[in-house]
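What follows is one structure encoded as structure tokens, with my remarks underneath.
The values are calculated or read from the model by the stated rules, or taken from the named source; none is laboratory data. In this text the structure is predicted, and so the values were computed from the model without any measurement. Counting neighbours? That spans all protein chains shown, and the Cβs are built from the backbone with ideal geometry, glycine included. Just so you know, the surface numbers come from the protein's heavy atoms only, side chains and all, with ligands and any DNA or RNA stripped out. Shrake-Rupley method; radii C 1.70, N 1.55, O 1.52, S 1.80 Å.
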Amino acid sequence: MNRLKNIIVAALIFANFSILPIQAQSSKTLRKTTPDVFANPTVTQKYQQLISPDNLAARLYFLAADSFEGRETGARGQRLAAQYLASQYRLLGLAPKGSGKPPDRLSPTAYLQPFTVYRNTPQETRLEVSVSGNKIASSSFSAEKSDDLAYFLSGGATNVDGGVVFAGYGIGDDTLGYNDTAALAAGNISVNDKWVLIFGDETLADAATSLLPTADKKPSKWSTQFIFKRGAILKAGRPKGILVVGDASPRAAGTFAENAAKASANARRIGALSLTETSDILPTFAISTRLANQILAPSSHSVEALKQAIDQNLKPVVFDLKDVNVKTTVERSKGLETENVLALIEGSDPQLKDEVVIISAHYDHLGINSLLKGDQIFNGAADDGSGTVAALELAQAFMQAKRDGFGPRRSLLFVNFSGEEKGLLGSFYYANNEPRIPLEKTVANINMDGVGGIDPKHPTSSKNYIYISGSGNLSDELININKEIKGILKSTVELTAAPSGFSSDNFNFQSQLIPFIYYSTGFTEHYHQTGDEAETIDYEHLARVTQLVFGTIWQVANQTARISSVDRKKLELVGYSCPPCPFECDREIYDHAGVCPICGMNLVPKYKTKDGTRRGAD
């Protein structure tokens, strides 16, 4: 479950069918929109009841077992889980809809949609410092070695060769009365094509107290979220990279060499991933006070003296370092293959079967952290083993209905995404690179991420609820169908509007203006912890939630009128932007796909109507 941001997308909704909105209809009227055989609650409930706590538990205890090693994207456990899901869909009778090339007709590869991901951490980095052309220091970093000079932090794994500008703390914040980037501009100091050398965090009295006029005297966002510094530096120009003095802050824990060793150990893990081999994000290295002083020496400055001057006066000190050059050489990590799992139930109506309802749940999780003491496996039972096994149960119930002559009129595509925990990679790849069914034929996305578990901060402390998330007109009809079906089928599950910040794989359908509804139990007690184990799930509750989802899918797949949606023929692509973002980088429009150079999220398409009167997403 990857809670990105509070995503707000204003959708273009065109009425393709002359029907009243679902919320304006009574239950009796709602039933009249479909053939009686599909709208009869008795028939629906018959197949709904096939979804049982015992079945869900049997699947989840297996999928969330230690043997799957936390299902980290690109790791062995994730690939085993993909094979398991493919075999289950085969046993249930669903048709393969992947793009894999099976060696024979019965191979599970037919259910897989392979795609390549790239580790953000390079295989090895080498950093060299030269003064007037003479090399004065060098550092090497990899999963096997580290030193007390420098190590790779984040950003693009690219070779960089350039001069150096010192930019204080790298803060750009007039509201706090301190602005390093403004000082650069005032001094006519260009950061273009240079490394920007900054101190970590901000001016601090101690680890818990800021010297800046923050509201509570605690360290501000400039200490806790490095993204803001990256954004401020990018507004100052076009630098080549960032060097952060990582051991001079009161917040620094351990020696630089100890932290470099930890970074080296973390580099053995798969870690952060992206869909592109290269990145527009500035390469960022942590450097020690020792190395920083060697870089600063030609200017007759030192880390200690600069920090003292800035912290005492609370005024920026910035300058260009003449004759200093920093060069990095990077050996990129090789790409890893991962895969989505896709299985289809073909619709029974000759006129409607070309339309599809996508039922999705990601099956990857966080893997293993060998640096932890005790339990090191993130089993991901609630997140999102629960949604994954719910999808299998839904598939089984709909297949039984089809065998009995009550198959869904529209087709159902079950998709288990990989890479959700790495930034919604699998759903992005499907929606933007390789939709297996055309988007204009995609009626809706019904996404489940973490439908097991209980949120201890639920507003009413309920133990029998589900959060519902949507986006304006894009989701209103689906949400109201869900409410209507809950009443018709007498579900006891309480519907709770999702708090802000809820997002998962549904977002990549939302950005393509596909109607969606997102089901989740939210930030559960064991969210992203090793304690997210199968025995913590209330399976009676999980069954009730899955049965409610079944009823909503049943209605959407069977009603004659398609969910109101965008006429994609009337849309024109105007560019790409990152998702709605607290770092304000979503204001930028790029002319190419890729990742946001500030927050690192995948850039998503933005549309307008061809007459330019209405935007597709804001």
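Quick notes
- Only Lys, Arg, Asp and Glu carry charge here, each on its Cβ (+1 for the first two, -1 for the last two); on that basis the range 200-265 has a dipole of about 420 debye about its Cα centre.
- Charge context of GLY133, other residues only, Cβ under 12 angstrom, K/R +1, D/E -1: 0
- A Förster distance of 22 Å, applied to the separation of the beta-carbon atoms of ASN313 and ASP216, puts the FRET efficiency at 0.45.
- In the full protein context, the range 252-330 carries 46 Å² of accessible surface per residue, based on a 1.4 Å probe and ignoring ligands, DNA and RNA.
- Highest average packing first - 200-209, 459-468, 333-342, Cβ atoms within 10 Å: 333-342, 200-209, 459-468
- Cα gyration tensor, the range 375-450 - rounded (a/c under 1.5), prolate or oblate: oblate
- Taking a ≥ b ≥ c as the square roots of the eigenvalues of the Cα gyration tensor, an a/c ratio of 1.5 or more together with a/b larger than b/c marks the chain as prolate.
- The residues of the range 119-163 present an accessible area of 43 Å² per residue when probed at 1.4 Å with all protein chains retained.
- The chain: angle of helix 472-488 to the longest principal axis, Cα-based, in degrees nearest 10: 40
- Radius 11 Å from Cβ of GLY98, net charge of other residues (Lys, Arg +1; Asp, Glu -1): +1
- Degrees between helix 539-558 axis and first principal axis of the chain (Cα, 0 to 90, nearest 10): 70
- Alpha carbon centroid spacing (whole Å) that separates the range 286-345 from the range 396-465: 41
- Rounded, prolate or oblate (a/c below 1.5 giving rounded, otherwise prolate when a/b exceeds b/c) for the range 144-275 by Cα gyration tensor: oblate
- Sorting 240-252, 579-591 by their mean Cβ neighbour count within 10 Å, with the most densely packed peptide first, gives 240-252, 579-591.
- LYS610-GLU258 FRET efficiency (beta carbon distance; Förster radius 51 Å; 0.05 resolution): 0.30
- With every protein chain in place, the range 58-108: carbon and sulfur % of accessible area (1.4 Å): 58
- Bridgeable lysines around LYS441 (alpha carbons under 17 Å apart, same-chain partners fewer than 8 residues away excluded): LYS97, LYS353, LYS569, LYS570.
- Here the gap between LEU573 and LYS483, fully extended at 0.36 nm per residue and compared with their Cα-Cα distance, gives a gain of 29.0 nm.
- Computed from Cα atoms, the angle from the helix 76-92 axis to the main principal axis of the chain rounds to 10 degrees.
- Length gained when the stretch ASN40-GLN225 is fully extended (0.36 nm per residue, less Cα-Cα span): 61.3 nm
- Each helix, a run of at least 4 DSSP H residues, gives -39500 (n - 2.57); summed and divided by the residues of the chain, these come to -7500 deg cm²/dmol at 222 nm.
- The ARG251 and LYS463 beta-carbon pair, evaluated with R₀ = 22 Å, returns a calculated FRET efficiency of approximately 0.05.
- Extreme residue, positive dipole direction of the range 458-541, given options SER475, TYR465, THR521 (C-beta unit charges): SER475
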